[in-house]
Amino acid sequence: MTVRAISRAIAVLSAVNRDGPITMMGIARAAQIPYPTASRIVHTLLDEGLIEREPSRKRYRVTSLVQTLSTGFQHEDALVSVSRPHIEELCRQIGWPVALATRVGPRMMLRDSTHNMTSLTFSNYYPGFTLPISECATGKVFLSHCEKEDLEMIIDGWTAIDNESSRSGLVMVGDDFMLNKIRHDGYAIQARNTHNAEPGKTSSLAVPIISEDGRLLAALGMVYFVSAMSIDEAAAEFVKPLKACAAKIAEAVQEQSVKAA
C-alpha cells in the first residue's frame, strides 16, 4: 500500500528537479496535485533545504543537497565518463540524439545524452530525466536483458502500484513473446513516445550494453521524429551503428576495470 503524502512529495521534488526553476502553479500542474497541497510540500522541502526560491522571482529550484540523495549510485559515474566520447561520435554519425539510460526503481533514468549536440530534437533532455520502464525503448531493453532478481523486484513494484504504466508492464511480461523478440532482434522500439515533452511526435530505438561477462550495464537509445521515417526504416538504418557503439562502450568499461584492478 502506498503512502499518498510521500508519493506527492516525490512528485513535487521530481518536478522541481526536472523543470526548475519553476513556479508554484507549474509545480502543481507537473505533479498533478492541488495548488494548496503543492504549496505545503514546497514549504516543507524549503525547510529541509532540498529546494530554494530564486531571490528575484517566485520560482523554485533544487539545491546541491539533492545530489546527496544519489551517492549510492556513484558507481555509474565511470560508465557515463567512458561512454561520453562514443555517444558523441555516434550522434555525429547519425545526426539524431543519443542517450545512455539505467534503471532507477520502476523508471529508466537518462544518465547522459547528446540532445544539445544536434538540431534534430524538439527538446533538450538532461541527465536525471526519467521515463516509465514499461513505456520506453531503453526500458524494454532492460526488461529483456536484466537479471531475474531485478525483473522480480520490478514486477512486485508494478503489482503494488495500480497505474497505467504498471498495468502496461504487467501485460508486457505476462508472456515472453515481446521480451524474447527483443533478445532475438537485439533491440527494442517505442513507437510514438508519450511520456515526454512532445507526446506522439517522436519514436525511439534502444540496444543493450552488455559487459564481457554478460552483465547488463545500461541501455543505449536514440530518438527520431515520427515524420522523418517509419519504424522499419529507422531500424534498418540505425540498429547496426547503435550496436557498434554499445560494443565500444562495453569494451571501454572493461579496459577501465582492468586498469583499476
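Remark: 171, 82 ranked as 171, 82, counting other beta-carbon atoms within 10 Å and listing the fewest first. Just report the Cα centroid separation between the stretch 87-140 and the stretch 199-252, whole Å. Centre-to-centre distance over Cα atoms comes out at 10 Å.
Look at 150, 213 and count the other Cβ atoms within 10 Å of each Cβ; fewest to most, that gives 213, 150. Bridgeable aspartates and glutamates around residue 259 (alpha carbons under 19 Å apart, same-chain partners fewer than 8 residues away excluded): 76, 77, 212, 213, 251.
So if I average 1/r over every pair of distinct C-alpha atoms in the stretch 14-144 and take the inverse, what Kirkwood radius in Å does that give? Show your work: numbers first, answer last.
Working: mean 1/r = 0.0605 Å⁻¹.
One decimal place: 16.5 Å for the Kirkwood radius.
Normalised Debye scattering of the stretch 4-62 at q = 0.20 Å⁻¹ gives log10 I(q)/I(0) of -0.60, counting only Cα atoms as equal scatterers and leaving out solvent.
Expressed as a whole percent, the proportion of Cα-Cα pairs in the chain lying more than 33 Å apart is 23%. Helical runs assigned H by DSSP (4 residues or longer) give the chain a calculated mean residue ellipticity at 222 nm of -15500 deg cm²/dmol, each run adding -39500 (n - 2.57) before division by the residue total. Computed from the C-beta positions of residue 215 and residue 54 and an R0 of 51 Å, the FRET efficiency is 0.75 to the nearest 0.05. For the residues 154, 33, 182, a GNM of the chain with alpha-carbon springs under 10 Å puts the largest fluctuation on 33. Out of all Cα-Cα pairs in the stretch 149-245, roughly what percent, to the nearest whole number, are more than 19 Å apart? Tail of the P(r) past 19 Å holds 53 percent of the pairs. Once C-alpha pairs closer than 8 Å and six or more residues apart are averaged by separation and normalised to the residue number of the stretch 135-242, the relative contact order reads 28 percent. Students often get this wrong, so check it: of 148/181; 58/201; 148/243; 181/248, which have C-alpha atoms separated by over 27 Å? 58/201, as the Cα separations exceed 27 Å there.
Where a number appears in this text, it was derived from the coordinates with a stated rule and is not lab data. Bear in mind that the values here come from a model prediction, so they are computed numbers and not experimental data. Using ideal geometry, Cβ is built from the backbone for each residue, glycine included, and neighbour counts are taken over all protein chains shown.
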